[in-house]
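Each reported figure results from applying straightforward, stated rules to the coordinates on display, with no laboratory input. Note that this is a predicted model, so its numbers are computed, not measured. Positions of Cβ are generated from backbone atoms using ideal geometry, with glycine treated the same way; all protein chains shown enter the neighbour counts.
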């Protein structure tokens, strides 16, 4: 029944491919941002935990933390860029 209702709904409400692409871009970029946010939260939480366990390793742990943060944030930017590419193609 859903296969029949979807074309009818598209014809009657004026849903366009551009509108569906915009929704897909928003969902894709949103999920990518949520994933990156969770990853950054894990990174900083584990850094705090590691530094409290071994305070003498603080400098080395902090440098590794920033590398992990940069790589995780790069994933968020990639999801947004891939979404834009899919939107305009």
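A simple spin-label model places pseudo-atoms 7 Å from Cα toward Cβ; at residue 88 and residue 59 they are separated by 4.5 nm. In angstrom, the C-alpha Rg and Dmax of region 40-89 are 15.5, 52.
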